[in-house]
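Below: one structure, written as structure tokens.
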Amino acid sequence: MMPGLLDDLFCLETGSTAATSCVACGATGATLRCDDCFNSGCFCVACINSKHEVMPFHRRRRWTGLYFVPERFRVEVSLGHAGARCASAPFIPVQMEIAHVTGVFDVDLYPCKCPAAGVGEERILPRQLMRHGLMPGSLDAKNVSWAFTMTLMDDWLAASHYAKVSIMDYWSALWFKTLGTPPERVSIFIFIFLLFVRRRVELS
């Protein structure tokens with residue numbers, strides 16, 4: 001093996017990549033790193049949230065003082081207005097979980113309430129989610145607690161068709177990416193139903 005190559009690998013998880021100040025604003029106490037951004041340094045909470053305003057489904061790790069650990073955190077997602085919160089959005093967000101190829105995320109969702117959201121049925125939450133590439137886990141506008149990104153749906157279709165990965169194995173891997181926790185049995189049935197619906201749409 002090339003000398004030092006193993007050290008280069010270990011440095012990704014140790015203090016050699018941990019910064020004492022935020023790479024964006026220079027503030028002290030920078031403890032967060034993005035696993036999905038290339039060559040990501042350490043950020044403070046404010047800067048990493050700002051950087052990911054339109055990339056909310058990236059995985060983060062928090063520096064413990066010795067190593068980085070995965071962190072499950074609440075993501076703020078605003079529909080419409082290029083990621084910025086709608087001026088007419090409700091003060092209290094819709095709390096839900098959104099599954100993406102990088103894991104399952106706890107989300108504070110702010111739907112658009114201004115004329116840009118459309119009129120009548122166009123304004124209901126399931127339709128706003130669909131227009132933003134999020135398949136709702138329920139078509140009941142008052143009971144939407146789950147959603148799945150279209151990227152996740154496409155990834156599962158490829159994994160099931162070409163690699164013959166079962167739905168349970170795929171879901172278990174998704175929860176392992178989230179925090180290494182066991183899969184949630186209830187959510188899997190929603191996922192199966194949505195995949196069935198999407199396949200029927202593609203075949204029609």
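The values are calculated or read from the model by the stated rules, or taken from the named source; none is laboratory data. The model shown is predicted, which means the values in this text are computed figures rather than measured ones. Every residue, glycine as well, gets a Cβ built from its backbone with ideal geometry; the counts of neighbours run over all protein chains shown.
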Members of segment 152-163 that are of a type in the set (Ser, Thr, Tyr) and either in contact with a Pro (Cβ under 8 Å, 6 or more places away or on another chain) or surrounded by fewer than 14 Cβ atoms within 10 Å (Cβ to Cβ) (or both):
TYR162
Would you point out which residue out of ALA46, ALA87 is farther than 30 Å from ILE124 by Cα, more than 13 Å from the chain's Cα centre (by Cα) and among the small types (Gly, Ala, Ser)?
ALA46
Of LEU139, LEU125, the only residue that is among the aliphatic types (A, V, I, L, M) and either at pLDDT below 90 or closer than 30 Å to CYS11 by Cα (or both) is LEU139
Would you pick out the residues in segment 169-187 that are modelled with pLDDT under 80, surrounded by fewer than 16 Cβ atoms within 10 Å (Cβ to Cβ) and assigned to a helix (DSSP H, G or I)?
LEU179, ARG185, VAL186
Please enumerate the residues belonging to segment 42-55 that are in a loop (DSSP other than H, G, I, E, B), within 19 Å of CYS22 (Cβ to Cβ) and touching a residue at least 24 places away in the same chain (Cβ under 8 Å).
GLU53
All but one of (1) touching a Leu at 6+ places or on another chain (Cβ under 9 Å); (2) closer than 26 Å to TRP171 by Cβ; (3) of a type in the set (A, V, I, L, M) hold for MET55; which doesn't?
(1)
Give me a count of the residues in segment 121-158 that are in a loop (DSSP other than H, G, I, E, B) and either of a type in the set (Ser, Thr, Tyr) or touching a residue at least 60 places away in the same chain (Cβ under 8 Å) (or both).
2
